[in-house]
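Where a number appears in this text, it was derived from the coordinates with a stated rule and is not lab data. All values derive from a computational prediction rather than experimental measurement. Cβ coordinates were reconstructed from backbone atoms using ideal geometry, including for glycine residues, and neighbour counts include every protein chain displayed.
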Amino acid sequence: MRYFLSILLLSALSLGIIRAETPISKNGYFCAKPGTVLRYERYAPDGKHWWNQSTKIDSTAFGEDGTIKVGFTSTVKSIDVKAPIKGSVSSCAFVRKDGTVEINIAEAAATVAKNRYSAFKFKASGGMSSLSPNVKPGDTLDEIHGKVECAGMKLTIDYTESKVLRREKVTVPAGTFDCIVVQERKVEKAPLMKRDSITLTWYALGYGFVRHDSLLPDGSVESSEQLVSISH
């Protein structure tokens, strides 16, 4: 049971890490160009290479109200640490007419859990995240509260104390990007298990996140994930 819960928690970490796991529209913090592949690598401070992750933009569909539905597939390959998913998982994001990106982190976590345990039924509720292209340093972002249930067990995912810290130019292996930096408190809870951390995420317009750091309660960096390449 503890193994199952730990995998579910890691699932939420790997694909829900983010308010916008991928980019969209030149005005929003996401990528809506079909065929684009964004490749990431995650490392521990000691240099241990956890895993590689790639996100491919599969499709875009335009709604009558101007909303873009972006379908994407994420694939994670284990390196020094076993990855929380096997193979690939598909999900979607929405980019509103004004460039606001919306992704449901609860549904993403349920999709990843289903990838690991196909015989089980997972139910997601809540968990809608939203990131406007117009946010600025000092802004406070809406809280996110999601829940995934299966066979009487429940995982809750909560993002609170979310704020835009600053604008910053950051260099990662894929290049140099002008970003906003968002800090959030993230708490995942399940029976007999709780994870409390602070995350820092660098978002670039047209690409989504280009760097994501997870901090331990003492403020030290647990892991850092960076964008290493972009192909079309």
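May I ask you to list the lysines whose Cα is less than 29 Å away from that of Lys82, ignoring any residue fewer than eight positions away on the same chain?
Of all the lysines, those that pass the test against Lys82 - Cα under 29 Å, at least 8 places apart if same chain - are Lys48, Lys56, Lys114, Lys121, Lys123, Lys147, Lys154, Lys186, Lys189, Lys194.
Taking 8 Å as the Cα distance limit and 6 or more residues as the minimum spacing, I'd like the relative contact order of the range 2-231 as a percentage. Mind dumping the intermediate values first?
Details: 646 pairs, mean separation 47.6, N = 230.
It rounds to 21 percent for the range 2-231.
With +1 assigned to the C-beta of every Lys and Arg and -1 to the C-beta of every Asp and Glu, and no other charges, what is the dipole magnitude of the chain about the Cα centre in debye, to the nearest 20?
On the way: 31 positive and 25 negative charges, 113 e Å.
So the magnitude is around 540 debye.
Under a point spin-label approximation (7 Å from Cα along Cα-to-Cβ), what is the Ala119-His49 distance to one decimal in nm?
3.5 nm
So who's got an amide H within less than 5 Å of the one on Ser59, skipping anything under 5 residues away but keeping other chains? H placed 1.01 Å off N, in plane.
Distant-sequence amide H within range of Ser59: Gly71.
Ignoring solvent entirely, what values of log10 I(q)/I(0) come out of the Debye formula for the range 70-205 at 0.10, 0.11, 0.20 Å⁻¹ when each Cα is a single scatterer?
Rounded to two decimals, the profile gives -0.40, -0.48, -1.42.
Just to be sure I understand the model, the point goes 7 Å from the Cα along the line to the Cβ. What's the resulting Val187 to Ile79 distance in nm?
Taking the simple label geometry, Val187 and Ile79 are separated by 3.3 nm.
Hey, got a sec? Which trypsin sites (Lys or Arg not before Pro) in the range 161-232 land in a DSSP loop and have at most 14 other Cβ atoms within 10 Å?
Working: sites: Lys163, Arg166, Arg167, Lys169, Arg185, Lys186, Lys189, Lys194, Arg195, Arg211; in loops: none.
Here no loop site has a sparse enough neighbourhood.
Which distance in nm do the two modelled labels at Leu216 and Thr67 give, with both placed 7 Å along the Cα-to-Cβ direction?
Taking the simple label geometry, Leu216 and Thr67 are separated by 4.2 nm.
Of Leu205, Leu192, Leu141, which has the largest mean-square fluctuation in a 10 Å C-alpha GNM of the chain?
Leu192
Please compute, for the alpha-carbon atoms of the range 2-231, the extent along each of the three principal axes and give them in descending order in Å.
So the three principal-axis extents are 43, 42, 33 Å.
Apply the Karplus curve 6.51 cos²θ - 1.76 cosθ + 1.60, θ = phi - 60°, to the phi angles in the range 63-80 and return the couplings in whole Hz, x for Gly and Pro.
Coupling constants for the range 63-80: x, 5, 8, x, 6, 9, 9, 10, x, 9, 10, 10, 10, 10, 10, 5, 10, 9 Hz.
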